[in-house]
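Here is the structure we will look at, set down as structure tokens.
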Amino acid sequence: MAAVSCPFNIPPLTFQRKKTATKTRLVFAMLRSSANSCSTKSIAVASPQTLPRVSPYSLQYEQGKVGAVPDGGVSKTSISAMEYLTSILTSKVYDVAVESPLQHAAKLSERLGVDIWLKREDAQPVFSFKLRGAYNMMAKLPKEQLEQGVICSSAGNHAQGVALAAKTLGCDAVIVMPVTTPRIKWESVKRLGATVVLVGDSYDEAQAYAIKRSVKENRTFIPPFDHPDVISGQGTVGLEIVRQLYSPIHAIFVPVGGGGLIAGIAAYVKRVLPEVRIIGVEPSDANAMALSLHHGERVRLDQVGGFADGVAVKEVGIEPFRICKELIDGVVLVDRNAICSSIKDMFEEKRSILEPAGALALAGAEAYCRYYNLKDANVVAITSGANMNFDRLSLVTEITNLGRQQETMLTTFIPDEPKSNKQFRELVGTRH
Ligand SMILES: Cc1ncc(COP(=O)(O)O)c(C=O)c1O
């Protein structure tokens, strides 16, 4: 998934469709009437809000340090903390998701002098946690709405989550993906029975098409992170961790894209175990949450690094940001080397290959333990996905070796003349 901008507003209580002179704004709301539910009556899509543009490089700090610590201010919302708790506790995710194991990482723990626990969301049926939120939202839709079908735009894990949820619920799903989406990704979505439409060169274009089509065909748009039911579905990851680990937890490290996963985890864990630190992890060149918390308002990145494509998001969601501002303890930033090293650590530990976004939290947890010289504590990292493009593996290996200083990369200019290549090779000498 790349450069996602979330188009939702969450006004209180009623569903409404407003027509303005220039554009149609659809807004959605939570129903308080049905017990234990934050569910949407219908869906809505709004024109993107104009957010302040910032560069990812305007906020950088040392790897492992917890920065962008929010002020903890509580903002007005239509959904109370109790509603989130009950919504998470009664979430329907287990029709499709499994309670993923929480596994001790023995080698890493020994190396760092702490107990590292891996919450294995890469072991879900579609190899990421994303099916939890998608299914929870779709399962709560009224029958008539579900019969109209659903639509989403995604080039990644959300697409597979929606496709599997639709298959399980027996509803029609259209998944809009940019034309640049690798064949392997759209084929796996198609295999799940969804209709794949390849449109546009970027995620934004695919999203614009999906939103238009959702209105035209009266399909429900399933957003990747900015919806209370999606957040509640992701929150079941937090519920499971609390149930699975009896000893005191120092911190839970969570990868952040649009913020749905961390918001859901914080909404549960901070209410039942407020002493547990909830720390977001972002790539240093895709730090929309850190910058938004730093500025005290949502901002839009003017560019975003795409290495960890699952979290390459230019702006975080409205509802995730509201929750994070109040509940999380800050954000750790990591670079590509750290992410690749953690992919290797995970492979050595469990023989599993994580995608870059899936290894992000582990990279953040490792960097944090080193930065604060943390010892004898329980630290949880969400390994959030394993949908790695096979042909990117060689890049990961190369970067890992660079990070461990086993290789050096040099860049130079060679004149475009006969024999210059040969001369260059002679100059560098033979490799040993
Ligand atoms: C593997 C993986 N990890 C983390 C995330 C970030 O989740 P969120 O957008 O809810 O912050 C995503 C999002 O798609 C993902 O695919």
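The values are calculated or read from the model by the stated rules, or taken from the named source; none is laboratory data. None of these values were measured; they are calculated from a predicted model. Ideal geometry is used to build each Cβ from the backbone, glycine not excepted, and the neighbour counts take in all protein chains shown. Keep in mind that these areas ignore ligands, DNA and RNA; they rest on the heavy atoms of the full protein, side chains included. Shrake-Rupley method; radii C 1.70, N 1.55, O 1.52, S 1.80 Å.
State which residue is surrounded by the fewest Cβ atoms within 10 Å (Cβ to Cβ) when the search covers only segment 131-145 and only residues that are within 19 Å of the chain's Cα centre (by Cα) and not aliphatic (A, V, I, L, M).
135
Would you confirm whether any residue within segment 404-411 is touching a helix residue (DSSP H, G or I) at 6+ places or on another chain (Cβ under 8 Å), open to solvent by less than 10 Å² (accessible area, probe 1.4 Å) and more than 15 Å from the ligand (Cβ to nearest atom)?
No, segment 404-411 contains no residue that is touching a helix residue (DSSP H, G or I) at 6+ places or on another chain (Cβ under 8 Å), open to solvent by less than 10 Å² (accessible area, probe 1.4 Å) and more than 15 Å from the ligand (Cβ to nearest atom).
Does residue 253 satisfy being of a type in the set (Phe, Trp, Tyr), in a loop (DSSP other than H, G, I, E, B) and either within 16 Å of the ligand (Cβ to nearest atom) or surrounded by fewer than 18 Cβ atoms within 10 Å (Cβ to Cβ) (or both)?
Values: of a type in the set (Phe, Trp, Tyr): yes; in a loop (DSSP other than H, G, I, E, B): no; either within 16 Å of the ligand (Cβ to nearest atom) or surrounded by fewer than 18 Cβ atoms within 10 Å (Cβ to Cβ) (or both): yes.
When the stated conditions are applied, residue 253 does not pass them.
Please verify whether segment 262-273 includes one or more residues that are within 15 Å of the ligand (Cβ to nearest atom), open to solvent by less than 10 Å² (accessible area, probe 1.4 Å), touching a residue at least 40 places away in the same chain (Cβ under 8 Å) and farther than 30 Å from residue 116 by Cα.
No, because not a single residue in segment 262-273 is within 15 Å of the ligand (Cβ to nearest atom), open to solvent by less than 10 Å² (accessible area, probe 1.4 Å), touching a residue at least 40 places away in the same chain (Cβ under 8 Å) and farther than 30 Å from residue 116 by Cα.
Looking at 336, 370, which one is closer than 21 Å to residue 290 by Cβ, at pLDDT 90 or above, surrounded by fewer than 22 Cβ atoms within 10 Å (Cβ to Cβ) and under 23 Å from the mean Cα position of the chain (by Cα)?
After applying the criteria, what remains is 336.
Does residue 344 satisfy being in a helix (DSSP H, G or I), surrounded by fewer than 23 Cβ atoms within 10 Å (Cβ to Cβ) and not aliphatic (A, V, I, L, M)?
yes
Which of the residues spanning segment 166-219 are farther than 25 Å from residue 141 by Cβ, acidic (Asp, Glu) and in contact (Cβ under 8 Å) with a residue 60 or more places away in the chain? Show your work before the answer.
Narrowing segment 166-219 to residues farther than 25 Å from residue 141 by Cβ: 178-185, 187, 198, 200-202, 204-205.
Cutting the leftovers down to acidic (Asp, Glu) gives us 187, 201, 204-205.
The answer is 204, and nothing else.
(1) away from the ligand (no atom under 13 Å from the Cβ); (2) touching a Pro at 6+ places or on another chain (Cβ under 8 Å): which one isn't true of residue 240, the others all being true?
With (1) away from the ligand (no atom under 13 Å from the Cβ); (2) touching a Pro at 6+ places or on another chain (Cβ under 8 Å) applied to residue 240, the lone miss is (2).
Can you tell me which condition residue 116 does not meet? The list is (1) at pLDDT below 95; (2) more than 16 Å from the ligand (Cβ to nearest atom); (3) crowded, with 24+ Cβ neighbours inside 10 Å, and all the others hold.
Tallying (1) at pLDDT below 95; (2) more than 16 Å from the ligand (Cβ to nearest atom); (3) crowded, with 24+ Cβ neighbours inside 10 Å, residue 116 fails exactly one: (1).
Quick test of your reading of the structure: residue 417 fulfils all but one of (1) modelled with pLDDT of 95 or more; (2) open to solvent by 90 Å² or more (accessible area, probe 1.4 Å); (3) not aromatic (Phe, Trp, Tyr). Name the failing condition by number.
Unmet condition: (1).
Six or more apart or on different chains, Cβ atoms under 9 Å: show the pairs whose first residue is in segment 303-317 and closer than 14 Å to residue 202 by Cβ and whose second is among the β-branched types (Val, Ile, Thr) and surrounded by fewer than 24 Cβ atoms within 10 Å (Cβ to Cβ).
Close Cβ pairs satisfying both conditions: 312/304; 313/304; 314/304.
Within segment 176-198, track down each residue that is buried (at least 17 other Cβ atoms within 10 Å of the Cβ) and closer than 21 Å to residue 304 by Cβ.
176, 177, 178, 181, 185
Give me the helices (runs of 4 or more DSSP H) completely within segment 131-237, filtered to those with at least 3 residues that are more than 16 Å from the ligand (Cβ to nearest atom) and not hydrophobic (A, V, I, L, M, F, W, C), ordered by residue number.
Numbers: elements: 143-147, 157-169, 183-191, 203-216.
By residue number, 143-147, 183-191, 203-216.
Return yes when residue 312 is within 15 Å of the ligand (Cβ to nearest atom), farther than 20 Å from residue 368 by Cα, open to solvent by less than 10 Å² (accessible area, probe 1.4 Å) and modelled with pLDDT under 95 and no when it is not. So that I can check it myself, show each step before the final result.
Values: within 15 Å of the ligand (Cβ to nearest atom): yes; farther than 20 Å from residue 368 by Cα: yes; open to solvent by less than 10 Å² (accessible area, probe 1.4 Å): yes; modelled with pLDDT under 95: yes.
Judged against the criteria, residue 312 is a match.
Those residues that are of a type in the set (Phe, Trp, Tyr) and within 15 Å of the chain's Cα centre (by Cα), I need them from segment 223-261; list them, please. Let's see the steps before the verdict.
Of the residues in segment 223-261, the ones of a type in the set (Phe, Trp, Tyr) are 225, 246, 253.
Answer for segment 223-261, where residues must be of a type in the set (Phe, Trp, Tyr) and within 15 Å of the chain's Cα centre (by Cα): 225, 253.
In this structure, does residue 345 turn out to be in contact with a Pro (Cβ under 6 Å, 6 or more places away or on another chain), within 30 Å of residue 107 (Cβ to Cβ), away from the ligand (no atom under 13 Å from the Cβ) and touching a residue at least 24 places away in the same chain (Cβ under 8 Å)? Step through it out loud before you land on a result.
On the way: in contact with a Pro (Cβ under 6 Å, 6 or more places away or on another chain): no; within 30 Å of residue 107 (Cβ to Cβ): yes; away from the ligand (no atom under 13 Å from the Cβ): yes; touching a residue at least 24 places away in the same chain (Cβ under 8 Å): yes.
No: the conditions fail for residue 345.
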